[in-house]
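Undergrad: Submitted below is the structure of interest, expressed as structure tokens.
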Amino acid sequence: MVLLLVIIVVFAIMNRELLRGSRQALENAEIVLKYDSSEAVLSFGDLLELEEKDFTAIFDSSNIDPVEHSYTGVALYNIFESLDMDLNNIEQVIVRGADGYTVAFSPQEVLDNDNIYLAYKFNDKPLKHKGRGGSGPYQIVVRKDQFSQRWCKFVVEIELK
Ligand SMILES: Nc1nc2c(c(=O)[nH]1)N[C@H]1C(S)=C(S)[C@@H](COP(=O)(O)O)O[C@H]1N2
Ligand SMILES: [Mo]
């Protein structure tokens, strides 16, 4: 019994350490940017300094018929541009959600006009947090992704590799 308890506690602590970064980012509405072995933290205030865009996209997940959604956010490439992060020398842009869901984009896709956005509002209201049944506070929307698989919800980390 005692041994079992010790094992459970050790695993709980290890798991907490692993999730701490993601959970903190999610709660603070921050995104960790990783680039060239350095890290930067992007806050909601930082995003508000970028050009805000209203856009629509067809959402089509497996359990519903396609519907047009209205979002507000920023073009993903605008984030890199504002931080002087050069997309020409990288292979991929990797986006991770708080649940571990990971999607990858090529630099060409990211630079494509009117395609990949980081959204923070849906129908003019902030994207709800994960704990409240939402997909936010941040979600990637890929307008050209027909079945929404790469619309990463609960974004907490973006890595250029
Ligand atoms: N963080 C995260 N984002 C995600 C997913 C996920 O499991 N976790 N599922 C993807 C898939 S497969 C679809 S179809 C869309 C919509 O999923 P939903 O209908 O479960 O919200 O979100 C995408 N983004
Ligand atoms: Mo899906």
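The values are calculated or read from the model by the stated rules, or taken from the named source; none is laboratory data. The shown structure was predicted, so the numbers you read here are calculated from the model rather than taken from an experiment. Neighbour counts are summed over all protein chains in view; Cβ atoms, including those assigned to glycine, are modelled from backbone coordinates with ideal geometry.
Undergrad: Could you give me the residue pairs with C-beta distances under 9 Å whose first residue belongs to region 144-156 and is under 14 Å from LEU127 (Cα atoms) and at pLDDT 95 or above, whose second residue is polar (S, T, N, Q) and within 11 Å of ligand 2 (Cβ to nearest atom) wherever it lies, and which are 6+ apart or on separate chains?
TA: Correct list of pairs: TRP151/SER61.
Undergrad: Keeping to region 122-140, report how many residues are within 11 Å of ligand 1 (Cβ to nearest atom) and in contact with a helix residue (DSSP H, G or I) (Cβ under 9 Å, 6 or more places away or on another chain).
TA: Just the residues of region 122-140 that are within 11 Å of ligand 1 (Cβ to nearest atom), to begin with: 130, 133-136, 138-140.
Applying the additional criterion that residues be in contact with a helix residue (DSSP H, G or I) (Cβ under 9 Å, 6 or more places away or on another chain) yields 130, 136, 138, 140.
Total meeting the criteria: 4.
Undergrad: In region 37-69, which residues are more than 15 Å from ligand 1 (Cβ to nearest atom), under 19 Å from GLU109 (Cα atoms) and among the aromatic types (Phe, Trp, Tyr)?
TA: Residue satisfying the conditions is PHE55 alone.
Undergrad: Name the single residue, out of those in region 141-161 being more than 10 Å from ligand 1 (Cβ to nearest atom) and assigned to a loop (DSSP other than H, G, I, E, B), that is farthest from ASN89 (Cα to Cα).
TA: Going through the qualifying residues, I end up with GLN146.
Undergrad: Answer yes or no: is there a residue in region 70-87 that is among the aliphatic types (A, V, I, L, M), farther than 20 Å from GLY45 by Cα and more than 14 Å from ligand 1 (Cβ to nearest atom).
TA: yes
Each row is one residue, and each column tells you yes or no for (1) within 23 Å of ASN28 (Cα to Cα); (2) within 16 Å of ligand 2 (Cβ to nearest atom); (3) touching a Pro at 6+ places or on another chain (Cβ under 9 Å); (4) in contact (Cβ under 8 Å) with a residue 12 or more places away in the chain.
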position: PHE44; (1), (2), (3), (4): yes, no, yes, yes
position: LEU47; (1), (2), (3), (4): yes, no, no, yes
position: SER61; (1), (2), (3), (4): no, yes, no, yes
position: MET85; (1), (2), (3), (4): no, no, no, yes
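Undergrad: Can you tell me which of LEU127, LEU118 is within 21 Å of GLU68 (Cα to Cα), of a type in the set (A, V, I, L, M) and out of contact with any Leu (no Cβ under 8 Å at 6 or more places or on another chain)?
TA: Values: LEU118 fails: out of contact with any Leu (no Cβ under 8 Å at 6 or more places or on another chain).
Within the list LEU127, LEU118, the selection yields LEU127.
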